[in-house]
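Taking it in order: structure first as structure tokens, then the write-up.
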Amino acid sequence: MERKMRRFRQLLDAEDAKEILETTSNGVLSLKDTDGEPYGVPLSFAFDGDSAIYFHSAVKGHKIDCISADSACSFCVVAQDNIVPDEFTTYFRSVIVSGKIVKVDDSDEILKGLKLLCDKYSPSIDSEAEISRCLNHVCVLRLDISRMTGKEAIELIRKLEIKEAIRQRRSVRSFTGESISDAQRKDLLEFLSELYNPFGGNFTIRLKEFDLKNGYRPATYGMIKGASDFFLIGMADDEQTSLAVGFCFEQVVLRAWQLGLGSCWIAATFKETDFDRGELWPENEKLRIVCPVGYEAKKRVVEKITRLTLGSRSRLPFDELFFTDEFKKTLGRDDRFAEALEMMRLAPSSKNTQPWRALVCGSSVHFYYMPKNPLSVLDCGIGICHFYEAEKSEGRSGQFFKADAAPVPHNQWIYIVSYKSE
């Protein structure tokens, strides 16, 4: 029975899977022996670039007996398996193929299989003499592929696109009215279940569809039109939760953009609205944020005016936000953290206030904020999310921590958290 991959968004396309088969040096062939017991054996192999994998083998042995009894098999190769201790995971890429494996009898195909193997493992050596020498003492096997599945770690998916998503992403307020697809909904819900949260806090994120044809009227203060799918965020009213919500939900916003979906953070009071009706939230949590998600429609005049009013396209310059040397110098663009902090600079914020500031001290970054409105800490969480995602995209790891004695700024900045690169 053919099973669909549960975590389908980690599925590699056929070309990527074939590339792994062409470039990986070994894999494990899984068979069933004559007693019905499983048998796995690591093997060198050569992929023909289409639908077959060739192996060489001794003429007799356990493997040959298994194949003679039952030709059904699977073959697994792992192209990448980098251990990431601080995330309790590995960054992997792998392929599993299944099909039937047979002994090759045709002399021309035997030569073809051996030539593929020699070209793969000894490309700079003339292999004809070696093939002629062993031709009568070797068995060539061919696996006819009926199914091929490639998979990669979810972190590698994010690495491929996250900085581009940060650069491109903008708030969307006009939607087509079309619901997001089942695949996109499933992707986002799975993504929600895997969020990285280093800050704790008390909050709940839900994805809910509303029926626009059944009298639903979104209470978005005239800001949003045509959206039928919304994220609802219930949260406690404290600094730790605000930081965590900003950090965690911005991961979702960026993922939605990668899926071709627009969104827009809206923080307001939603009591007695269709958003809150029928929703039960954990103790001390209230619905404080909603976020439409869907397909962007043509911008309305009111949206263009809103963007101009909020200054959404403008950002403060880099040298007004990031510092070094006890706040005495602006951070250079050649600094180790400059790229990640640039991603932070591009983050959205309430009324485009950009409350975040950062001080680089060696391998650590201390984050501060200027309290410009009640959403300043949440905004910092969004900015710090951009910083962290950019760090991860470069294969770097680190830990967030509260410094016992963070450098004291000379302005009215408030210390919030630190990050140390490993």
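Quantify, in whole percent, the carbon and sulfur part of the accessible surface of the chain (1.4 Å probe; protein heavy atoms only). Using a 1.4 Å probe with all protein chains present, the chain comes out at 50 percent carbon and sulfur.
Think of segment 329-377 as having a plus end and a minus end, set by charges on the Cβ of Lys, Arg, Asp and Glu; of W356, P374, M344, P374 sits farthest toward the positive end of this dipole. Pairs of Cα atoms nearer than 8 Å and 6+ residues apart set the relative contact order; for segment 1-139 it is 23 percent.
Between A403 and E178, full extension at 0.36 nm per residue minus the direct alpha carbon distance yields a gain of 76.3 nm. Where does helix 239-258 land angle-wise versus the long Cα axis of the chain, in degrees 0 to 90, nearest 10? So the inclination is approximately 50 degrees. Loop-resident chymotrypsin sites (Phe, Trp or Tyr not before Pro) (DSSP state other than H, G, I, E or B) in segment 47-156 with no more than 10 further Cβ atoms inside 10 Å of their Cβ: F88.
Rounded to the nearest 500, what is the chain's calculated 222 nm mean residue ellipticity when only DSSP H runs of at least 4 contribute -39500 (n - 2.57) each, over all residues?
-9000 deg cm²/dmol
Among I96, I83, I266, the largest mean-square fluctuation in a Gaussian network model of the chain (Cα springs under 10 Å) belongs to I83. Extending 7 Å from the Cα toward the beta-carbon at both L346 and I125 defines two label points whose distance is 4.9 nm.
Looking at segment 350-422, the accessible area is 39 square angstrom per residue; that uses a 1.4 Å probe and ignores ligands, DNA and RNA.
Defining a contact as two alpha carbons under 8 Å apart and six or more residues distant in sequence, what relative contact order in percent does segment 46-112 show?
Contact order relative to length: 25 percent.
Under a Gaussian network description of the chain, with springs only between Cα atoms under 10 Å, the residue in E152, E178, E283 that fluctuates furthest is E283.
Let a ≥ b ≥ c be the square roots of the eigenvalues of the Cα gyration tensor of segment 93-172; is it rounded (a/c under 1.5), or, if not, prolate (a/b larger than b/c) or oblate? Judged from the Cα gyration tensor, segment 93-172 comes out prolate (a/c at least 1.5, a/b above b/c). Estimated from the Cβ-Cβ distance and a Förster radius of 35 angstrom, the FRET efficiency linking A268 and S51 is about 0.05.
Extending 7 Å from Cα along the Cβ direction at R167 and again at K32 yields two label points whose distance is 5.2 nm. Charge tally around D126: other residues with Cβ under 13 Å, Lys/Arg +1 each, Asp/Glu -1 each, net -1. Using a Gaussian network for the chain with springs between C-alpha atoms less than 10 Å apart, which of these wobbles most: P292, P42, P355? Result: P42 has the largest fluctuation of those listed. Each of (1) 134; (2) 204; (3) 150 is a candidate for volume of the Cα convex hull per residue in Å³; the one calculated from this structure is (2).
The GluC sites (Glu not before Pro) of segment 1-108 that meet both conditions, a loop assignment by DSSP and at most 11 other Cβ atoms within 10 Å of the site Cβ, are E2. From a point 7 Å beyond the Cα of A14 in the direction of its Cβ, which residues of segment 37-81 have a backbone N at a distance under 11 Å? In segment 37-81, the label zone of A14 (backbone N under 11 Å from the point 7 Å along Cα→Cβ) covers 50-51.
Say the cut-off is 19 Å between C-alpha atoms; which of K392/K420; K63/K112; K328/K402; K60/K112; K271/K351 go over it? Those over the limit are K63/K112; K328/K402; K60/K112; K271/K351. Computed on the chain, with alpha-carbon pairs under 8 angstrom and 6+ residues apart, the relative contact order is 13 percent. Rounded to the nearest 10 degrees, the inclination of helix 154-168 to the longest alpha-carbon principal axis of the chain is 40 degrees. Relative to the longest principal axis of the Cα atoms of the chain, the long axis of helix 376-393 makes an angle of roughly 20 degrees.
The values are calculated or read from the model by the stated rules, or taken from the named source; none is laboratory data. Everything numeric in this text was worked out from a predicted model, so none of it was measured. When we count neighbours, we look across all protein chains shown, and the Cβ atoms used for this are built from the backbone with ideal geometry, even at glycine. All accessible areas refer to the heavy atoms of the entire protein, side chains included, with ligands and DNA or RNA removed. Shrake-Rupley method; radii C 1.70, N 1.55, O 1.52, S 1.80 Å.
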